[in-house]
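The values are calculated or read from the model by the stated rules, or taken from the named source; none is laboratory data. On a predicted model such as this, the values are computed, not experimentally measured, just so you know. Heads up, the Cβs are rebuilt from the backbone with ideal geometry, glycines too, and the neighbour counts pull from every protein chain shown.
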Amino acid sequence: MDNKIQTLRKPNSALVMVPKIGRLTPVSRKMYNVMLHRTQRQIGEFVKEGRVIDAKHLFSAPLSELTESISVTGSDTRTLAKQYLREMRRTEVDWEAPDASTGVIWRSMGLLSEADIEIKDGVTWVHWALPPTLLSAVSDPERYTPLDLSQMAKLRNYTAIALYEICSRYKNNPTGVTSKNSPDWWVDALTNAPPSIDLSTGNVKRREWRKLKSESIGKAIEEINEKTDLVVELHEIKEGKAVKEVQFSVQKKRVEQLAPQVTIGADLAEHAARLDVQISDLVKLIKSGVSEGEIKVGLTKLETRLAHPELALVENKLAYLKALIAESGGFIRRETVEVRVAETVGKRDEKSAGSWLAKRTEDLKFEFFKLTKKEQQKYADLVLENFRNTGLATPQFIRKVAAGDWSAGPLLHNMTSAFAVEKYGPDWNVEPEDAMLLDATLAEQS
């Protein structure tokens, strides 16, 4: 998509969304921002044509248009979209500007007043309506923050998404810092669900700032700094040992960091962002002679591969992408040699090769189970982090990791693979004879 139509002019008074009822997932919040953007676009079209939006009007967009840039994973996008729309309908939030002196602007307003899905001529359409007060603010905001939706699409963590929205408000501020707010304010602003209530006392049990900082803030800052156009840093203002106020410094990355000499299409960049493949790596591939078409095919194959958690963990996505491109004839260097070697090995007795790998895998499992439970936990955490990054961490999978239940199944398979890579390197599953063949072939090419 054109970057010009990827900028949401979000009212400053709607940047901070504090859930009071319900819970928002990261995808729901990103999708909601896309819906606000499409609302603004359609209002602009109405104004240009001299048409009036009546009270019963529903805004609309193809489902594919709402989900194409926000990392929706899963084969049944329509079912997932229904889930996200239900979240928006059931969630009520307090809306605030990120300025300490402003306070709550709108209290406990729903995100959508109506939403439905319709299939028309084989295309799935989403229809929605906004609460009147919000619609008025979004239509022609007097004070707003430009939000780059293509940058937000790269973020997976809810805290990172919420923090990015707030920090975007200050990226052109000469002071280079956000407003100072209490730790409790930041906890509310960066959490995707309302605090629990102590049934015995009726008091609100808000998460402690130190816990949110430890569990989420650091990861959110790291994700923003690595993936987006901003560089963010946390600052705590203390009295003694107690944190009294919190603010963040915000800087825009230098142009040269964001705009490589090789131009990459927006669709390709968004596809790479969904899979956590760095744009700079794609630039290097293009400079080496790989076409955008070949990269697109490789990314599609990589996405399909990542959708199968029962298979071995993909430790190095870039290396795997290169191998996939090589299969399509996209390389003439080492990658091509590796493919030729693989073809040569493939001509051997497959039963023999399979037996070697099966024995190798069993030996590794034996080694793995000689580790203490605490040592094994390290690899469980690595696998869980990878699955979370690729959107494959199901509640059942998370429960198994927490319970230490990895005696069999995909979790054990991926843990032993991670253990093998760390101890023996990425070629742990390559038969020695195959490795010698690869080295000899490379030597002939040099």
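A few remarks follow.
- Cβ-Cβ under 7 Å pairs, at least 6 apart or on other chains, the range 35-60 side under 12 Å from Leu135 (Cα atoms), far side part of a loop (DSSP other than H, G, I, E, B) and of a type outside the set (Lys, Arg): Thr39/Leu130; Ile43/Ile53
- Take the conditions (1) modelled with pLDDT of 80 or more; (2) surrounded by fewer than 18 Cβ atoms within 10 Å (Cβ to Cβ); (3) among the charged types (D, E, K, R); (4) out of contact with any helix residue (DSSP H, G or I) (no Cβ under 7 Å at 6 or more places or on another chain); Arg274 misses just one of them, which is (2).
- Scanning the range 43-57 for residues that are surrounded by 15 or more Cβ atoms within 10 Å (Cβ to Cβ) and within 22 Å of Ile119 (Cα to Cα) yields a single hit, His57.
- The set of residues in the range 238-268 that are at pLDDT below 80, closer than 27 Å to Ala160 by Cβ and touching a helix residue (DSSP H, G or I) at 6+ places or on another chain (Cβ under 7 Å) comprises Pro260, Ile264, Gly265, Ala266.
- Unmet criterion (only one of (1) buried (at least 20 other Cβ atoms within 10 Å of the Cβ); (2) not in a strand (DSSP E or B)) for Ser136: (1)
- Segments classed as helices (runs of 4 or more DSSP H), wholly inside the range 163-229, with at least 2 members that are over 22 Å from the mean Cα position of the chain (by Cα) and either under 19 Å from Asn33 (Cα atoms) or touching a residue at least 40 places away in the same chain (Cβ under 8 Å) (or both): 183-189
- Pair list, Cβ under 8 Å, 6 or more apart: the range 392-409 residue surrounded by 12 or more Cβ atoms within 10 Å (Cβ to Cβ), other residue part of a loop (DSSP other than H, G, I, E, B) and modelled with pLDDT of 75 or more: Leu392/Ala307; Lys400/Trp406
- Number of the exception - Lys374 against (1) modelled with pLDDT of 85 or more; (2) outside any helix (DSSP H, G or I); (3) not aromatic (Phe, Trp, Tyr): (2)
- Considering (1) within 30 Å of Leu268 (Cα to Cα); (2) surrounded by fewer than 18 Cβ atoms within 10 Å (Cβ to Cβ); (3) modelled with pLDDT under 85, the lone condition that Val123 does not fulfil carries the number (3).
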